[in-house]
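In what follows, a structure is listed as structure tokens, so that the remarks can point back to it.
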Amino acid sequence: MRKLYLALAVTMLVCLGCEWHLRSGAAGGEATKVSIERYDLIETLYLTTGDYAALGQLNTSYPRQTRMLIEDILQLGKVDDPNINQKFLHFFQDSTLLQLISEVEHQYKQTDDLDKELTDAFEQLCHMLPSIEVPQIYAQIGSLDQSIVVSDGMLGISLDKYLGSDNPLYLKYGYSEQQRAMMQRSYIVPDCLGFYLLSLYPLPAGADSVKQLRDAHMGRIQWVVNRAMQRKVFANEFVVEADKLMRESRDMSVEHLLKHI
């Protein structure tokens, strides 16, 4: 099973976590409203109370999300380990992680604004890339590891990485000013688009080791994100280059832009 796990990419920092329903697996303009799947709320209930009904819901309603969180993000072991539930619960009894849970619970009681922004942005993206299939997108709480994870048609938003640029925990753990500038609510939707596009349109094998190509590719992805968001989220020389290229090559499709570097 092919998986792609994407952290807050160094390239996105240097170059400067919804469910999308499609009719019968269709793409393009047939999409309906986006709404974030609140896996994090059930996760929080289990981690703060030990409620076994919540644990059962994590394992039965969200088995793939739970496996990815436990095995790949937190790296606590295998989900079929007889002791894994206690390991999961015990891991989050750390005072810092409990503080993260509390802060996420406070800041993300409502996500209607993100649903609306995701709906509008993916509608624009589907117009630019008609063949795109949009993933199931959900929210979770990690441990300050990945911000966005992409795997097998799913996209997870780690809300603990979007608590605001002035969050004291980010300062405590040494995140730079440049990093913290992107660790806020307004970057959730752009990051969802950017990391999903990066999973669909990666650099050719070997090209990722060439900084100039890597930066140019990220600039093109960021240009597409800006267009989908209908605002200038990312502004750097590589985005300017992508914009210039598209203006000079009126017949070039967005898919061609992302596939050929």
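The values are calculated or read from the model by the stated rules, or taken from the named source; none is laboratory data. All values derive from a computational prediction rather than experimental measurement. So basically every Cβ, Gly included, is an ideal-geometry build from the backbone, and we count neighbours across all protein chains shown. With ligands, DNA and RNA removed, areas are computed over all heavy atoms of the protein, side chains included. Shrake-Rupley method; radii C 1.70, N 1.55, O 1.52, S 1.80 Å.
Sub-9 Å Cβ pairs linking a first residue in the range 205-221 that is among the acidic types (Asp, Glu) to a second residue that is open to solvent by 50 Å² or more (accessible area, probe 1.4 Å), at least 6 apart or interchain, are Asp208/Pro202; Asp208/Arg214; Asp215/Val14; Asp215/Glu237, ordered by first then second residue. Restricted to the range 1-118, the set of helices (runs of 4 or more DSSP H) holding at least 2 residues that are modelled with pLDDT of 95 or more comprises 39-49, 52-61, 63-67, 84-91, 95-107. For the range 202-236, filtering for residues that are at pLDDT below 95 and at positive phi leaves 1. Do we have any residue at all in the range 106-127 that's among the hydrophobic types (A, V, I, L, M, F, W, C) and open to solvent by 10 Å² or more (accessible area, probe 1.4 Å)? No, that holds for no residue.
Could you check, for the range 247-254, whether at least one of its residues is open to solvent by less than 40 Å² (accessible area, probe 1.4 Å), more than 29 Å from Arg64 (Cα to Cα), among the hydroxyl-bearing types (Ser, Thr, Tyr) and more than 17 Å from the chain's Cα centre (by Cα)? Yes. Within the range 137-191, being buried (at least 18 other Cβ atoms within 10 Å of the Cβ), aliphatic (A, V, I, L, M) and over 22 Å from Asp72 (Cα atoms) holds for Leu163, Met182, Val189. Output yes when any residue across the range 196-217 is open to solvent by less than 20 Å² (accessible area, probe 1.4 Å) and of a type in the set (Asp, Glu), and no when none is. There is at least one residue in the range 196-217 that is open to solvent by less than 20 Å² (accessible area, probe 1.4 Å) and of a type in the set (Asp, Glu). Kindly establish whether Ser165 is outside any helix (DSSP H, G or I) and farther than 25 Å from Tyr46 by Cβ. So Ser165 passes the test. Residues that are of a type outside the set (Asp, Glu), over 18 Å from Leu118 (Cα atoms) and touching a Lys or Arg at 6+ places or on another chain (Cβ under 8 Å) within the range 195-238 comprise Tyr201, Leu203, Ala207, Phe238, listed in sequence order. Picking from residues in the range 71-85 that are among the polar types (S, T, N, Q) and over 15 Å from Val149 (Cβ atoms), the one that is surrounded by the most Cβ atoms within 10 Å (Cβ to Cβ) is Asn85. Exactly one residue among Ser186, Ser131 is among the hydroxyl-bearing types (Ser, Thr, Tyr) and over 19 Å from Ala235 (Cβ atoms), and that residue is Ser131.
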